[in-house]
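Below is one structure, written out as structure tokens; the observations come after it.
The values are calculated or read from the model by the stated rules, or taken from the named source; none is laboratory data. Note that this is a predicted model, so its numbers are computed, not measured. Positions of Cβ are generated from backbone atoms using ideal geometry, with glycine treated the same way; all protein chains shown enter the neighbour counts.
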There are 2 protein chains.
Amino acid sequence: MRFFVTGCAGFIGSNLTDRLLAAGHQVVGYDNLSTGQQHFLSDAARSDRFTLIEGDVLHSPTLAGAMRGSEFVFHLAANADVRFGTHRPRKDLEQNTIATVNVLEAMRHNGVRRIAYASTGSIYGEAQIFPTPETSPIPVQTSLYGASKISAEAFIEAYCEGFGLQAYIFRFVSILGERYTHGHVFDFYKQLQIHPDYLDVLGNGKQRKSYLYVQDCIDAMLLAAEKAQHKVNIFNLGTDEYCEVDDSINWICQCLGVTPQRRYDGRDRGWVGDNPFIFLDCSAMRALGWRPRLTIREAVIRTVDYLRNAPSVVAART
Amino acid sequence: MRFFVTGCAGFIGSNLTDRLLAAGHQVVGYDNLSTGQQHFLSDAARSDRFTLIEGDVLHSPTLAGAMRGSEFVFHLAANADVRFGTHRPRKDLEQNTIATVNVLEAMRHNGVRRIAYASTGSIYGEAQIFPTPETSPIPVQTSLYGASKISAEAFIEAYCEGFGLQAYIFRFVSILGERYTHGHVFDFYKQLQIHPDYLDVLGNGKQRKSYLYVQDCIDAMLLAAEKAQHKVNIFNLGTDEYCEVDDSINWICQCLGVTPQRRYDGRDRGWVGDNPFIFLDCSAMRALGWRPRLTIREAVIRTVDYLRNAPSVVAART
């Protein structure tokens with residue numbers, strides 16, 4: 001099958017691209033290389049079943065042209081940082097919502113019928129039910145990131161109804177693993193490289209978060225695309241556990257053999273719109289036979305190991 | 001108080017403007033006069049507390065300049081027709097979602113803190129619970145109109161969290177009354193003017209719909225803005241009843257003294273994305289002391305009476 005992967009040079013996109021190629025598929029990757037890193041595609045580039053097209057999801061003609069002949073779209077290109085929405089209020093709208101409509105229009109233009117979309121557990125805002133099911137009450141959005149992602153979900157669903165598309169919408173917890181380049185494990189690792197004797201922590205360390213290993217995430221997406229047959233298929237993706245920020249700091253410090261002084265800013269949230277508790281009900285995905293292979297602790301350790309062996313990746317993100 | 005009303009020349013906007021002026025407020029009305037009709041503002045124009053600024057909500061500099069000095073925004077400008085989304089897929093995104101972010105940015109720019117937004121019961125898609133409460137499970141969108149409106153809601157909420165705004169989000173059923181210019185009562189009326197002997201009906205006549213009289217709608221919005229004090233306040237607005245399309249045809253025909261042959265297209269939906277049953281739980285709004293004054297039947301009859309006395313309005317919409 002011929003897949004079209006937006007954000008193919010990113011963390012999840014490049015891992016997915018490698019997996020699709022390993023399974024014998026053709027992949028057209030689309031990335032503007034703004035946050036994606038071309039060396040993440042060095043394995044893919046050795047395959048004659050892979051084509052990289054450098055382009056922006058906000059440039060519709062390039063996007064539509066690149067998608068021609070593809071059968072299934074993985075739309076992963078996004079502004080993936082939940083924290084800085086209020087610094088750049090239009091960025092989430094443009095890169096997450098408008099870009100997704102551009103992808104949908106390109107699909108319509110090219111007669112591509114199936115799409116998998118990387119949404120986020122952040123769309124639940126401050127959830128009232130834990131673990132949080134896909135069928136939660138309509139949430140009140142607390143971040144521009146969450147708002148832009150639930151908006152993209154909404155347009156995807158409307159295109160399914162209006163134009164006969166089939167969609168797979170995945171609401172991720174934070175993803176960890178090889179090629180991970182942003183988020184709090186990255187920030188802590190980087191701080192401790194610079195000053196192993198102390199660690200500045202946003203919040204009070206008690207925020208409860210969930211993580212999932214990138215290969216487990218990809219397993220789930222591929223299995224869902226194979227097995228789920230509704231017009232609109234929505235799945236939470238995470239492990240059946242959560243940890244406190246302090247737990248992950250413990251694991252990172254153990255890996256690195258450091259005992260920094262922890263300097264909390266003391267708030268109960270890490271930033272405006274931060275959700276102090278993320279724990280998703282993933283039983284729908286599990287009902288298809290999926291099981292994550294790594295625990296949160298194992299995923300954190302695997303990620304720290306990766307970062308230790310990828311100093312250029314760490315240095316590139318300042 | 002100084003109010004800023006987008007879509008001030010529209011059906012609901014012009015009625016609201018008149019009410020705000022009658023209550024002694026200042027109103028800056030903003031409209032591009034694309035579907036709004038300037039003669040709806042002929043009463044308002046006689047007040048020295050009213051200013052009309054002709055501009056588009058998609059033009060941010062004009063919008064931001066016009067809003068300066070206002071204290072409360074009623075954002076009613078929208079693409080209000082749910083039916084034709086698939087003919088013009090970007091229109092809902094632009095005129096409902098992007099335009100709303102433009103309004104939010106203009107508020108931020110001008111330090112305006114409070115917004116009331118005209119959303120829609122269409123955001124519930126094909127609801128599973130009747131009457132449908134505000135806290136329904138996250139719906140799957142079935143129309144681009146609904147998608148664009150729930151997206152606008154999401155961004156408004158994120159701005160409340162990120163920038164300290166206070167919002168009133170109203171999910172309307174179909175609104176009827178003086179200055180009503182689109183929707184199925186309008187279409188039926190117009191058809192019967194042209195050919196009183198037959199009536200073409202989208203669907204099978206059994207779709208169950210809810211309606212609310214425009215002055216009851218405005219009563220609710222003004223009362224909520226006065227009494228509800230949360231950061232984000234969300235209210236369904238409708239009567240505690242619904243009718244079948246056939247019921248409203250009966251009332252219209254009785255008003256007009258005609259007995260047309262009804263030519264149903266026979267589908268269970270009027271159009272792609274049509275919701276065959278809309279019936280909202282409005283107990284949250286009622287708990288603030290609001291009661292609609294007109295029943296659905298009375299609102300339909302009032303609307304037909306209005307259209308009979310406004311042949312130029314009917315003629316202007318071809």
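The set of residues from region A:200-235 being at pLDDT 95 or above and of a type in the set (Lys, Arg) comprises A:227, A:231.
Checking each residue in region A:119-159 for being touching a strand residue (DSSP E or B) at 6+ places or on another chain (Cβ under 6 Å) and either free of Cβ contacts under 8 Å to residues at least 12 places away in the same chain or closer than 17 Å to residue A:3 by Cα (or both) picks out only A:135.
Among the listed residues B:241, B:226, which satisfies the condition of being surrounded by fewer than 17 Cβ atoms within 10 Å (Cβ to Cβ) and either under 24 Å from residue A:141 (Cα atoms) or within 14 Å of chain A (Cβ to nearest Cβ) (or both)?
Working: B:241 fails: either under 24 Å from residue A:141 (Cα atoms) or within 14 Å of chain A (Cβ to nearest Cβ) (or both).
Residue meeting the stated conditions: B:226.
Scan region B:50-61 and tell me whether some residue there is farther than 30 Å from residue B:272 by Cβ and either part of a helix (DSSP H, G or I) or touching a residue at least 60 places away in the same chain (Cβ under 8 Å) (or both). Looking for residues that are farther than 30 Å from residue B:272 by Cβ and either part of a helix (DSSP H, G or I) or touching a residue at least 60 places away in the same chain (Cβ under 8 Å) (or both), one finds at least one in region B:50-61, hence yes. When residue A:202 is tested against (1) touching an Asp or Glu at 6+ places or on another chain (Cβ under 8 Å); (2) within 18 Å of residue A:304 (Cα to Cα); (3) among the hydrophobic types (A, V, I, L, M, F, W, C), exactly one condition is not met: (2). Exactly one residue out of B:138, B:129 is aliphatic (A, V, I, L, M) and at the interface with another protein chain (Cβ under 10 Å from one of its Cβ atoms), and it is B:138.
On the given criteria, is residue B:194 in contact with a Cys (Cβ under 9 Å, 6 or more places away or on another chain), without any contact (Cβ under 8 Å) to a residue 60 or more places away in the chain and more than 14 Å from chain A (Cβ to nearest Cβ)? Even if it seems obvious, please write down each step before you answer.
On the way: in contact with a Cys (Cβ under 9 Å, 6 or more places away or on another chain): no; without any contact (Cβ under 8 Å) to a residue 60 or more places away in the chain: yes; more than 14 Å from chain A (Cβ to nearest Cβ): yes.
So residue B:194 fails the test.
Per-residue answers, yes or no, for (1) closer than 24 Å to residue A:177 by Cβ; (2) out of contact with any helix residue (DSSP H, G or I) (no Cβ under 6 Å at 6 or more places or on another chain); (3) assigned by TED's automatic domain parsing to the domain that holds residue A:92:
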site: A:254; (1), (2), (3): yes, yes, no
site: A:257; (1), (2), (3): yes, yes, no
site: A:264; (1), (2), (3): no, yes, no
site: A:277; (1), (2), (3): yes, yes, no
site: A:290; (1), (2), (3): yes, no, no
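Could we say that residue B:36 is assigned to a loop (DSSP other than H, G, I, E, B), within 21 Å of the chain's Cα centre (by Cα) and either hydroxyl-bearing (Ser, Thr, Tyr) or crowded, with 17+ Cβ neighbours inside 10 Å (or both) here? Considered against the rule, which asks whether it is assigned to a loop (DSSP other than H, G, I, E, B), within 21 Å of the chain's Cα centre (by Cα) and either hydroxyl-bearing (Ser, Thr, Tyr) or crowded, with 17+ Cβ neighbours inside 10 Å (or both), residue B:36 comes out as yes. Counting the residues of region A:141-180 that are under 23 Å from residue A:112 (Cβ atoms) and of a type in the set (S, T, N, Q) gives 3.
Yes or no, residue by residue, for (1) more than 11 Å from every other protein chain (Cβ to nearest Cβ); (2) out of contact with any Asp or Glu (no Cβ under 9 Å at 6 or more places or on another chain):
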site: A:68; (1), (2): yes, yes
site: A:101; (1), (2): no, yes
site: A:110; (1), (2): yes, yes
site: A:117; (1), (2): yes, no
site: A:144; (1), (2): no, no
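Can you name every residue in region A:216-242 that is free of Cβ contacts under 8 Å to residues at least 24 places away in the same chain and in contact with a Pro (Cβ under 7 Å, 6 or more places away or on another chain)? Hits for region A:216-242: nothing passes. The set of residues from region A:152-190 being of a type in the set (Gly, Ala, Ser) and either closer than 20 Å to residue A:224 by Cβ or more than 10 Å from chain B (Cβ to nearest Cβ) (or both) comprises A:152, A:154, A:164, A:167, A:174, A:177, A:183. Selection of region A:259-274 for residues being in contact (Cβ under 8 Å) with a residue 24 or more places away in the chain and polar (S, T, N, Q) yields only A:261. Taking the conditions (1) free of Cβ contacts under 8 Å to residues at least 24 places away in the same chain; (2) crowded, with 18+ Cβ neighbours inside 10 Å in turn, residue B:22 satisfies each one other than (2). Hey, does region B:271-282 have a residue that's modelled with pLDDT under 95 and away from chain A (no Cβ under 14 Å)? Yes, there is a match, as at least one residue in region B:271-282 is modelled with pLDDT under 95 and away from chain A (no Cβ under 14 Å). Pairing each residue of region B:25-42 that is assigned by TED's automatic domain parsing to the domain that holds residue B:91 with any residue that is buried (at least 19 other Cβ atoms within 10 Å of the Cβ) and of a type in the set (Lys, Arg), provided the two are 6+ apart or on different chains, yields C-beta distances under 9 Å for B:37/B:179; B:40/B:179. Does at least one position in region B:18-31 carry a residue that is touching a strand residue (DSSP E or B) at 6+ places or on another chain (Cβ under 8 Å) and assigned to a helix (DSSP H, G or I)? Yes.
Pick from B:252, B:218: which is within 18 Å of residue B:117 (Cα to Cα) and surrounded by 15 or more Cβ atoms within 10 Å (Cβ to Cβ)? Reasoning before the result, please.
Values: B:252 fails: within 18 Å of residue B:117 (Cα to Cα).
Exactly one residue qualifies, and that residue is B:218.
Remark: pairs (first residue in region B:95-117, assigned by TED's automatic domain parsing to the domain that holds residue B:17; second residue basic (Lys, Arg) and assigned to a loop (DSSP other than H, G, I, E, B); Cβ separation under 7 Å; 6+ apart in sequence or on different chains) = B:110/B:68.
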